[in-house]
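Visitor: Sharing a structure here in structure tokens format.
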Amino acid sequence: MLPKPSAEERTTTPRIKSHPIISKLIDAFGNWRKHRQEIREIRDLDDDEFSTLANDLRITPADLDTFVRQGPHAVDELPKLLTALGIDEKALSRTQPLVLRDMVRVCAFCQQKHQCDRDLDAGTSAQRYEEYCLNASTIDALDQNRPRTGRDAITADVDAWAEAHDMTDRSRSRLAISAR
């Protein structure tokens, strides 16, 4: 004969085994339904309301339409890429908000999301983003405008001076060593 369960065992609810794959499917379906509802709400706007909304966001109606269709995760890669490259997104939004907004727009239209996600996951984005990222030239320009400190500042100053004076690499090296 089995022992009688204690009062605590009788009052607790049975444990339900969790299946992560089922949970992910349920979440994905819920997100899909939410996204479809958002698209429906946007489609219910008349042309004037839609244009006004786009104008308020300072984008074209065509861009707004594309953003809505792509969903809320269309630019998830950009903050991760900026972090991988050592660029402070919050500082960028304060100092160059229009540049960041344009980068978001470019990222939303990107067709290389799978490559970007792979590189972000592998930790190779810093070495490879220039091969496919449409924001690469903007990111490179941001890096050139980044304040430099220590040795980087000396090397950048020497390189800029040498380039302006059309010096050879060997002369630059000697000049950099004497500047230290």
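The values are calculated or read from the model by the stated rules, or taken from the named source; none is laboratory data. Predicted model only: the values in this text are computed from it and were never measured. Note: ideal-geometry Cβ built from the backbone for every residue, glycine included; neighbour counts use all protein chains shown.
Visitor: Based on this model, can you work out whether residue 115 counts as of a type in the set (S, T, N, Q) and surrounded by 13 or more Cβ atoms within 10 Å (Cβ to Cβ)? Quick ask: steps written out before the conclusion?
Guide: On the way: of a type in the set (S, T, N, Q): yes; surrounded by 13 or more Cβ atoms within 10 Å (Cβ to Cβ): yes.
So residue 115 passes the test.
Visitor: Now for a separate question. Can you name the residue in the range 60-90 that is within 14 Å of residue 139 (Cα to Cα) and aliphatic (A, V, I, L, M) and, of all such residues, is surrounded by the most Cβ atoms within 10 Å (Cβ to Cβ)?
Guide: It comes out as 81.
Visitor: Then there's this: If a residue counts only when it is modelled with pLDDT of 90 or more, which helices (runs of 4 or more DSSP H) contained entirely in the range 67-167 have at least 3 such residues?
Guide: Passing ranges, in order: 77-84, 89-95, 97-109, 113-122, 125-128, 136-145.
Visitor: Hey, residue 65 hits all of (1) acidic (Asp, Glu); (2) over 14 Å from the mean Cα position of the chain (by Cα); (3) farther than 15 Å from residue 105 by Cα but one; which does it fall short on?
Guide: (3)
Visitor: Another one. Where residues in the range 9-40 are modelled with pLDDT of 65 or more and of a type in the set (Asp, Glu), which of them is farthest from residue 67 (Cα to Cα)?
Guide: Of all residues in the range 9-40, those modelled with pLDDT of 65 or more come to 17-40.
Add one more test, that the residue is of a type in the set (Asp, Glu), and what stays is 27, 38.
Numbers: 27: 21, 38: 11 Å.
Here the answer is 27.
Visitor: Is it the case that the range 19-41 has a residue that's on the phi > 0 side of the Ramachandran plot and either under 14 Å from the mean Cα position of the chain (by Cα) or among the small types (Gly, Ala, Ser) (or both)? Please lay out each step first, then the result.
Guide: Step one: filter the range 19-41 for residues on the phi > 0 side of the Ramachandran plot, giving none.
The answer is no; no qualifying residue exists.
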